[in-house]
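Chemist: I have a structure I would like to understand better, so I am pasting it below and will then ask my questions one at a time.
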Amino acid sequence: MGFVTESQKKDYGVDLTIREIFKRTEPNGKVNYCPSNRELKVQLKATTEKQVRHAKGYLKFDLKVKNYNDMVYHIQIQRPTYLFLIVMPDDEQRWLEHTADELILRSRCYWYIHPSGTLASSNSRTHVVQIPENQMITKDTFSQLLNEIYII
């Protein structure tokens, strides 16, 4: 199993679609790879450490109201959109380091989805989202999130 990504040209509140790929073995033994029709819709945001606040196990981030409300409306039509928040060091010189043998990206990425029943925001500019600090993206996150959306 693996994943492919597709970016959106127009901004409809989704920046990236992550689609699951599965391996299928034909009766003749030939292996094919096919989309499984399970996918994650993602709103991507990047920020620096000083733009997030830490409080009691949560990251607090000021998300633009448009993006916040896009996520609310997607849940209402049964197509949840996740926020993936990339948090980089304040010092831009530390974001990336490379040599002939390695590439080091200094950042963390967290995922967030609105709780059920979240209402649209009437704020004028931003709305604070609280992301549990334990919702950091790891190598298993995409499969775990897909299993929550699509009951197997």
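The values are calculated or read from the model by the stated rules, or taken from the named source; none is laboratory data. Please read these numbers as outputs of a predicted model, since none were measured by experiment. Cβ placement follows ideal geometry from the backbone for every residue including glycine, while neighbour counts extend to all protein chains displayed.
Chemist: Of the numbered conditions (1) surrounded by 14 or more Cβ atoms within 10 Å (Cβ to Cβ); (2) of a type in the set (Val, Ile, Thr); (3) over 19 Å from Leu16 (Cα atoms), Val128 fails exactly one; give the number of that condition.
Modeler: With (1) surrounded by 14 or more Cβ atoms within 10 Å (Cβ to Cβ); (2) of a type in the set (Val, Ile, Thr); (3) over 19 Å from Leu16 (Cα atoms) applied to Val128, the lone miss is (1).
Chemist: Can you spot a residue in segment 61-71 that is surrounded by 12 or more Cβ atoms within 10 Å (Cβ to Cβ), assigned to a loop (DSSP other than H, G, I, E, B) and aromatic (Phe, Trp, Tyr)? Explain how you work it out, then say what you get.
Modeler: Filtering segment 61-71 for residues surrounded by 12 or more Cβ atoms within 10 Å (Cβ to Cβ) gives 61-71.
Cutting the leftovers down to assigned to a loop (DSSP other than H, G, I, E, B) gives us none.
No, segment 61-71 has no match at all.
For (1) more than 30 Å from Thr126 (Cα to Cα); (2) among the polar types (S, T, N, Q); (3) modelled with pLDDT of 90 or more, each residue gets a yes or a no:
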residue: Tyr12; (1), (2), (3): no, no, no
residue: Glu20; (1), (2), (3): yes, no, yes
residue: Pro27; (1), (2), (3): yes, no, yes
residue: Thr48; (1), (2), (3): no, yes, yes
residue: Val52; (1), (2), (3): no, no, yes
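Chemist: Among the residues of segment 1-26, write down those that are of a type in the set (A, V, I, L, M, F, W, C) and under 15 Å from the mean Cα position of the chain (by Cα).
Modeler: Our first condition is that a residue be of a type in the set (A, V, I, L, M, F, W, C); within segment 1-26, this holds for 1, 3-4, 14, 16, 18, 21-22.
Selection gives Phe3, Val4, Val14, Leu16, Ile18.
Chemist: Within segment 96-112, is even one residue in contact with a strand residue (DSSP E or B) (Cβ under 7 Å, 6 or more places away or on another chain), touching a residue at least 40 places away in the same chain (Cβ under 8 Å) and not hydroxyl-bearing (Ser, Thr, Tyr)?
Modeler: No, segment 96-112 contains no residue that is in contact with a strand residue (DSSP E or B) (Cβ under 7 Å, 6 or more places away or on another chain), touching a residue at least 40 places away in the same chain (Cβ under 8 Å) and not hydroxyl-bearing (Ser, Thr, Tyr).
Let's see how each residue does on (1) outside any loop (DSSP other than H, G, I, E, B); (2) exposed (fewer than 12 other Cβ atoms within 10 Å of the Cβ):
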{"site": "Arg19", "(1), (2)": "yes, no"}
{"site": "Cys34", "(1), (2)": "yes, yes"}
{"site": "Asn37", "(1), (2)": "yes, yes"}
{"site": "Val42", "(1), (2)": "yes, no"}
{"site": "Ala46", "(1), (2)": "yes, no"}
{"site": "His74", "(1), (2)": "yes, no"}
{"site": "Phe84", "(1), (2)": "yes, no"}
{"site": "Asp90", "(1), (2)": "no, yes"}
